[in-house]
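Below is one structure, written out as structure tokens; the observations come after it.
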Amino acid sequence: MRKQGGPRGDSAGFLIAQVGAHAASRFGEALKPHGLTPHDAGILRLLSHSPGLSQQELAKRLRMHASRLVGVLDDLEERKLIERRPSETDRRFYALHLTKNGESALGVIGQVAREHHRSLLVSLSEEERASLAAMLSRIAEQQGLTPGVHPGYSRGGDAANDTKVP
């Protein structure tokens, strides 16, 4: 057994970062043929769980600057994946909803994600997968990460859009 932090840089922190970057890259590549990005996937997923969410609330959940989110939502709307509707409770705001195309895209994203998950964790037993998920959940919670939201949204640049398909 190798010592942690050995020449391969195999400390737990490094391995989490290495596998995370690899997994994110592979997921982005798997979405590309469908004209989707991980960024799209995250927003569509959030809107599927919270239909009618305002742009401001979505920006808050993503920890993303609201003005930056406007352009992202414009793109999703142009691609007919979401629609903005006047809020039923406050006419100053738009409520965000998935369109039929957005729901279909979410189905594709789900299929891609399930295959990605299966291929990424093929070397682990079901028990090991559950144990790994539980441990990583504890770490994420302790670090104050928002459940289900990739931290790339809050970056000032376009890190979450690196795999953007025109």
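The values are calculated or read from the model by the stated rules, or taken from the named source; none is laboratory data. On a predicted model such as this, the values are computed, not experimentally measured, just so you know. Please note: Cβ atoms are built from the backbone with ideal geometry, for glycine as well, and neighbour counts cover all protein chains shown. When the accessible area is computed, the model is the full protein with side chains, heavy atoms only, and any ligands, DNA or RNA have been set aside. Shrake-Rupley method; radii C 1.70, N 1.55, O 1.52, S 1.80 Å.
Just a few scattered comments:
- Carbon/sulfur fraction of accessible area - the chain, other protein chains in place, 1.4 Å, %: 55 percent
- For segment 39-118: relative contact order, % (alpha-carbon pairs under 8 angstrom, 6 or more apart): 34 percent
- Once the chain from A130 to E88 is taken as fully extended at 0.36 nm per residue, the excess over their C-alpha distance is 11.0 nm.
- Farthest toward the positive end of the dipole of the chain, out of L31, I139, G110, is the Cα of I139, where the dipole comes from beta carbon charges about the Cα centre.
- The chain, accessible area per residue, ligands and nucleic acids excluded (1.4 Å, Å²): 65 Å²
- Think of each Lys and Arg Cβ as +1 and each Asp and Glu Cβ as -1; about the Cα centre, that makes the dipole of the chain roughly 240 debye.
- CD proxy at 222 nm, helix term only [per DSSP H run n ≥ 4: -39500 (n - 2.57); per residue of the chain; nearest 500]: -18000 deg cm²/dmol
- S123-N101 FRET efficiency (beta carbon distance; Förster radius 41 Å; 0.05 resolution): 0.70
- Lysine pairs in the chain whose alpha-carbon atoms fall under 26 angstrom of each other, counting only those eight or more residues apart or on distinct chains, come to 9.
- In sequence order, calculated HN-Hα J values of segment 74-89 (Karplus, 6.51, -1.76, 1.60; Hz; x Gly/Pro): 4, 4, 5, 5, 4, 7, 6, 9, 9, 9, 9, 10, x, 5, 6, 9
- Long-range HN-HN contacts of L53 with modeled amide H, under 5 Å: L96
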